[in-house]
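Everything below concerns the one structure shown next.
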Amino acid sequence: MQIQTTGLSLFDYLSDPDKSNQTLQSLAQKQKQDISGDLSSLTDSISLGQTDNPLQVLESGMGSVSLKTVNNMIAFNLRPVAEDLQQMADRFGITDPVEVKLVEGKWQVQGITTEDSETSPDDEVADTDTEAQSTETSESETESPSEITDPAEEAAAQADKAAREQALQRLQDYLDRNQALQKKLDQLNAMSEFYEFGQTQEFAKQLQEANVPEADVVNFLTSSREYIQGLGSFSLSAGGMELTSRGESDTLIEQAVKKFDLDTGE
């Protein structure tokens, strides 16, 4: 896949919305001509809110969209999603960092205790027997000071844990109800994967120029794609929202540079 490295930035259009409309009109008049340059401009204008699915246009014109444009699209579309989620996290009293993963096509808040982990009646009986044995043992042994737990502190810790899980569940409920937000998260995750894999493809050209065996180049691209596609998650904290896949191509490229002993010219 050829990905151009030139093209107008999204931020060139932020101060001049009329230019976006001009681009649309220009494309309509030049359907039979080479419109690769204008397509990048169109993709930028779409990020300004003229469509609910920037990924769809990105995929339809993926051969002509620069990685710089894709990067700008991610940053622009990430901002309102992050603000939405951070606002809800604040509303629910979530202060610690939260991880949200894509599990079987659904965004799942991590850290929520599942029903399967709840204690069953049989387990309670077993626990009671174990407690009796532990009590008998403790009566004949001296408990060290370090093992003594303050009941008040333990109760407070349990209360904090229950409150956090309740807050995380409320965030999950919000995600479940907000299908539009789920769709935007899907798009952002896919665009990030597109960008990161595009970076590795650009680097693959350097591997070819360095006469790295074709099998090694193919293996690099295949393993990189599998790895990046497996990073369907993001973190939410007071510092903002971060897609897990963002920047991972840099790590993969650094590892390849060392593996193939490439001269980066630095």
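The values are calculated or read from the model by the stated rules, or taken from the named source; none is laboratory data. Nothing here was measured: the structure is a model prediction, and the numbers come from that model. Note that each Cβ is placed from the backbone with ideal geometry, even for glycine, and that neighbours are counted across all protein chains shown.
Can V212 be described as more than 29 Å from D186 (Cα to Cα) and in contact (Cβ under 8 Å) with a residue 12 or more places away in the chain? When the stated conditions are applied, V212 passes them. When segment 245-262 is limited to residues that are over 21 Å from the mean Cα position of the chain (by Cα) and touching a residue at least 40 places away in the same chain (Cβ under 8 Å), the one that is surrounded by the most Cβ atoms within 10 Å (Cβ to Cβ) turns out to be A256. Applying the condition of being touching a Ser or Thr at 6+ places or on another chain (Cβ under 8 Å) and of a type outside the set (S, T, Y) to segment 229-250 and asking which residue is modelled with the lowest pLDDT yields A238.
Residues satisfying the criterion are absent from segment 225-244 (criterion: farther than 30 Å from G93 by Cα, surrounded by fewer than 18 Cβ atoms within 10 Å (Cβ to Cβ) and in contact (Cβ under 8 Å) with a residue 40 or more places away in the chain).
Residue by residue, here is whether (1) loosely packed, with under 12 Cβ neighbours inside 10 Å; (2) at pLDDT 90 or above; (3) outside any strand (DSSP E or B) holds:
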{"residue": "G63", "(1), (2), (3)": "yes, no, yes"}
{"residue": "N72", "(1), (2), (3)": "no, no, yes"}
{"residue": "A75", "(1), (2), (3)": "no, yes, yes"}
{"residue": "D84", "(1), (2), (3)": "no, yes, yes"}
{"residue": "Q87", "(1), (2), (3)": "yes, yes, yes"}
{"residue": "L102", "(1), (2), (3)": "no, yes, no"}
{"residue": "I112", "(1), (2), (3)": "no, yes, yes"}
{"residue": "T130", "(1), (2), (3)": "yes, no, yes"}
{"residue": "Q133", "(1), (2), (3)": "yes, no, yes"}
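Scanning segment 219-253 for residues being assigned to a helix (DSSP H, G or I) and either touching a helix residue (DSSP H, G or I) at 6+ places or on another chain (Cβ under 9 Å) or among the charged types (D, E, K, R) (or both) gives a total of 14.
Looking at this structure, is A190 surrounded by fewer than 20 Cβ atoms within 10 Å (Cβ to Cβ), in contact with a helix residue (DSSP H, G or I) (Cβ under 7 Å, 6 or more places away or on another chain) and in a helix (DSSP H, G or I)? Yes: the conditions hold for A190. Selection within segment 164-187: residues that are farther than 16 Å from V103 by Cα and exposed (fewer than 12 other Cβ atoms within 10 Å of the Cβ). The member of this set that is modelled with the highest pLDDT is R177. Condition check: part of a loop (DSSP other than H, G, I, E, B), more than 30 Å from F92 (Cα to Cα) and in the same structural domain as P97 (by TED's automatic domain parsing). Does D216 satisfy that? No.
So which residues in segment 192-227 are of a type outside the set (S, T, Y) and under 10 Å from the mean Cα position of the chain (by Cα), if there are any at all? Please lay out each step first, then the result.
Of the residues in segment 192-227, the ones of a type outside the set (S, T, Y) are 193-194, 196-199, 201-221, 225-226.
Hit for segment 192-227 is E193, nothing else.
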